[in-house]
Every structure is written in structure tokens, then in C-alpha cells.
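Step one of this worksheet: look at the structure below.
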Amino acid sequence: MDSLAAGKKIPGFGHRVYKCEDPRATVLRKYTETVTRKAGDTTLYDITREIDRVMSEHSKVFPNVDLYTASLYHAMGIPDELFTPIFAMSRVTGWTAHIFEQWDNNRLIRPLANYTGPTSLKYVAMEQRTP
């Protein structure tokens, strides 16, 4: 509640386009409930539902598609360290589309998403890497 009162962004809530609940979140909520019940552990889903309830009572910021992903991934047996890579992989197509739009229109799209890292890195296949 302190973060909410301080006006901080709460992960899993808010969207640039949707000013109501992200329709993907609605679908994912139902799917997550089903999967966690089948997995036999609804603990993380129940906690997420409570966070969702508190947010709906105390703010006008609605769930986005990311809210239920952690409890869903956990129920599916996906290791925690893969959550972020899955998040990124699911967005690569959109990020690429933004780049093409920028190239076509010479208009910067989502300037905070500009890559500023090294550009001359060499690809190394996973099986060739040393631990």
C-alpha cells in the first residue's frame, strides 16, 4: 500500500494503450486459475488475485497481461530464472516492428527502448559456451 500511496508504478498494472483492464489479462487470469488448480497449488494465484482486488479498490490502474504470468509459469514448472527471457522473447516481434516503423517514418518510437550496448558481439551457440 505504501508504494501505491506514493504513486509508484505497480508491476503487472497499467498499459500505454488500454485504460481499462488489458483484455489479455482477463483471458490469462482464467487460464492461470485453471492451470494452478490442475497443478494442485493455487497459492501464488490466490496472492495475485488478492493484489488485483486491492488495486481495484484503491486505484484506477488495471491489470495488464503480465500480472498473472509468474503464477502461471510457476504452476507450469518453468524455473524462475527463465521468466525474464520468456518475457523478452514474447516481445521481440513487437520490438522489431517498432524498429521497422522507425526506419520507415524516421520517427523515434519508444525512445527508452533504444539499444545502446555493444554492436560487434559475436554469436556463440549454447552448446559451445563454457559454464
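Computed from the coordinates by the stated procedures, all read-outs in this text should not be read as laboratory data. All figures in this text were calculated on a predicted structure; none of them were measured in a lab. When we count neighbours, we look across all protein chains shown, and the Cβ atoms used for this are built from the backbone with ideal geometry, even at glycine.
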(message) Run the simple label-point estimate for residue 121 and residue 30 please: 7 Å along Cα→C-beta, distance reported in nm.
(response) 3.9 nm
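Before anything else, pin down the relative contact order of segment 2-128: Cα pairs under 8 Å, at least 6 apart, normalised by residue count, whole percent.
On the way: 88 pairs, mean separation 33.0, N = 127.
Taking the mean separation of contacting Cα pairs over the length of segment 2-128, I get 26 percent.
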(message) For a quick check: with amide H placed at 1.01 Å from N, whose amide H comes under 5 Å from residue 13's, ignoring anything fewer than 5 positions away on the same chain?
(response) 64
(message) Please compute, for the alpha-carbon atoms of segment 1-73, the extent along each of the three principal axes and give them in descending order in Å.
(response) 37, 26, 18
(request) Note the count of lysine pairs whose C-alpha atoms are less than 26 angstrom apart in the chain, limited to pairs 8 or more residues apart or on different chains. (result) 9
(message) Using the alpha carbons of segment 55-95, what is the convex hull volume per residue in cubic angstrom, as a whole number?
(response) 88 Å³
(request) Give the value in nm², to one decimal: projected area of the alpha carbon convex hull of the chain, averaged over all directions. (result) 11.7 nm²
